[in-house]
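Only one structure is covered here, and it is reproduced in the block below.
Nothing in this text is a laboratory measurement; each read-out follows from the coordinates by a stated rule. Keep in mind that this is a model prediction, so the values were computed, not measured. Here the Cβ positions follow ideal geometry from the backbone for every residue, glycine too, while neighbour counts run over all protein chains shown.
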C-alpha cells in the first residue's frame, strides 16, 4: 500500500508540474497538428490504402512521442531535481510513476492523432473499433514501457534530442510493425479473432520490456 | 583466455588455415547436376554457382550476431561486477561485430542483386540485419554522447541488454509477419526453423561448418587483439593523468 501511495505521489507530482508549465503537452499537440498537416498537403487527394494510412498514423505517433516523452527525465535533470527524487523515493517507485505518466501522455497523444485522422482523412474509417481500441491501448503501453527507460538513459547524455529516436527505433520496431499491421486490420474491418495473434505479440512485448526495464532501472537511475 | 598469448596463437593459425581451406575448397569443387563422388556439390536449380555464397556470407552474418551476444554478455558482467575490464571486452566485441555486420549486409545485398534481382527486398532476414546495424549504430552514438567512463560503461550495457530483449521478436515473430525469400521464411515448404541450412548434402555441410568455425576463431583472435590494445591504451591514458 505504501508503494502504491508513493507511485501515485510521483505521478501526481509530474501531472501537477506538467499542468503548471504545459511544457510537453503544448509542444506535443502542436507537433501532431504540424505532422498531420504536412501529410495532408502531400496526400490529400489520393485514394490511400489502409496499409498506407495505418503506417502514416504510427509514423506521426512515433515522431511526436520521440519529441516529447524524454521530457519526463530530462526535465528532472535540467531543473536539478534528480537528487531530491533519488532521496525521497526508491528507484522502483520512480520507475513505475514515470511509466504511468508516460503511458497516460502517450494515450492522450494517440487519442488526439486518432481523432484528427478520422476527421481529416475520409479514407480513415475504423471499421472494427474493437481491434482499433485494443491495439491503441496495448501499443501505447508497450511504447511507454520502452520509451521511459530510454528517456532515463538519454537524460544523462549530451545530445538528448537527436539521440532519443536513434536509440528508440531499433527497440520499438517489433512493436511498430505489429501495431501498423493490426491498425490496417482495424481499418479493413476484419474480425477481432484475426487480430488475436497481433495482440499476443503486443502483450508479450509489453511484459518483456516493462519487466526488463524494471530490473535494469536501478543501474540507470543511481549515480 | 586473455594474456595467454600461446593459446591465441593456436586460435590465430587455426582460423587462417580453416578460412584458407574454405576459400579454396568452396570455390574449386565443381557443381554438377547429379553428384557422383564426394568431391562434387549438387547444382541447385535457381541458385547454381551462387550457392557458394553460403560458405562466406552466412558465417560473416553469424559472427556479427556472435559479436553482439558477447558484447551483451560482458555488458551484463560489467553491471554485476563493476569491473572496467568487462566494459573493454564488451565494446571491443561490439566494434568487431559492427564491422562484420556491415560486411554481411554488403555481401548479402550484392548477392541478392544477382539472385533475387534487386539489392534490397525487405525480406525478414534482411530487415533483422539492418536492425542489428541500427542497434550497433545507436550503441556507439550513445557511448560517444556520455561523458564519464563509468556512466558510459553502465548505460551502454543497459542499452545493449534492452536491445537484446527484442531479439526473440526478430527471430520468432517477424518471419511470420513478413513474407520472405530466405530459406525458412513464411511459405517455404522445406521447413520453418530459423536455421535452415540443414538440407545441404554432407560435403557442403562439412565445408559450411568448417567455415563457421574458422570465422568464429578469426573473430576471437581479432577480439583478443582489440581487448589487449584497449587495455594498453587505458594504461597509457591513466599514466598520463
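Note the full-extension length gain between residue B:150 and residue B:47 as 0.36 nm times their separation in residues minus their Cα-Cα distance, in nm to one decimal. Present the calculation step by step, with values, prior to reporting the outcome.
Numbers: separation 103, 0.36 × 103 = 37.08 nm, distance 5.02 nm.
Extra length available between residue B:150 and residue B:47 comes to 32.1 nm.
Multiplying the residue separation of residue B:171 and residue B:109 by 0.36 nm and subtracting their alpha-carbon distance yields 20.3 nm.
When its C-alpha radius of gyration is set against 2.2 N^0.38 Å (N residues), region A:70-135 gives a value of 1.63.
Neighbouring Cβ atoms within 10 Å as the yardstick, rank A:23, A:117, B:139 fewest first.
On the way: A:23 14, A:117 19, B:139 25.
So the residues, fewest neighbours to most, are A:23, A:117, B:139.
For a paramagnetic label modelled on residue B:7 (point 7 Å from Cα along Cα→Cβ), amide N atoms under 14 Å away are absent within region B:46-71. What does a probe at residue A:30 reach in region A:67-83, counting residues whose amide N is under 20 Å from the point 7 Å along Cα→Cβ? Taking a point 7 Å out along Cα→Cβ of residue A:30, the residues of region A:67-83 whose backbone N falls under 20 Å are A:67-72, A:74-75.
How large is the Kirkwood hydrodynamic radius of region B:198-238, counting all unique pairs of alpha carbons, in Å?
12.4 Å is the Kirkwood radius here.
Restricting the calculation to Cα atoms, the protein assembly as shown shows an Rg/Rh of 1.02 when the hydrodynamic-style radius is the Kirkwood one. With all pairs of different C-alpha atoms in the average, the Kirkwood value for the hydrodynamic radius of region A:136-223 is 14.1 Å. Per the Kirkwood formula applied to alpha carbons, chain B shows a radius of gyration over Rh ratio, Rg over Rh, of 1.02.
If you scale each eigenvalue of the Cα gyration tensor by 5 and take the root, what three semi-axes come out for region B:53-95, rounded to whole angstrom and sorted largest first? Present the calculation step by step, with values, prior to reporting the outcome.
Working: eigenvalues 143, 13, 4 Å².
Ellipsoid semi-axes (Å, largest first): 27, 8, 4.
How far is it, in nm, from the label point at residue A:159 to the one at residue B:38 when both lie 7 Å from their Cα along the line to the Cβ? So the two model labels end up 5.6 nm from each other.
Rg over Rh for region B:20-84 works out to 1.31, both radii taken from alpha-carbon positions and Rh defined as the Kirkwood radius.
How would region A:1-104 be classified by its alpha-carbon gyration tensor: rounded, prolate or oblate, with rounded meaning a/c under 1.5 and the a/b versus b/c comparison settling the rest?
Details: a/c = 3.49, a/b = 2.42, b/c = 1.44.
Taking the square roots of the gyration eigenvalues as a ≥ b ≥ c, region A:1-104 is prolate.
With a Förster radius of 41 Å applied to the beta-carbon distance between residue B:31 and residue A:193, the computed FRET efficiency rounds to 0.30. For region B:1-142, the Kirkwood hydrodynamic radius from C-alpha pairs, put into Stokes-Einstein at 20 °C and a viscosity of 1.002 mPa s, yields a diffusion coefficient of 122 µm² per second. Computed over Cα pairs, the Kirkwood radius of region A:47-202 leads via Stokes-Einstein (0.692 mPa s, 37 °C) to a diffusion coefficient of 200 µm² per second. Inter-chain Cβ neighbour count for B:119-132, averaged per residue, equals 1 (cutoff 10 Å, partner chain atoms only). A Stokes-Einstein calculation at 20 °C with viscosity 1.002 mPa s, built on the Kirkwood radius of region A:159-205 over Cα pairs, returns a diffusion coefficient of 179 µm²/s.
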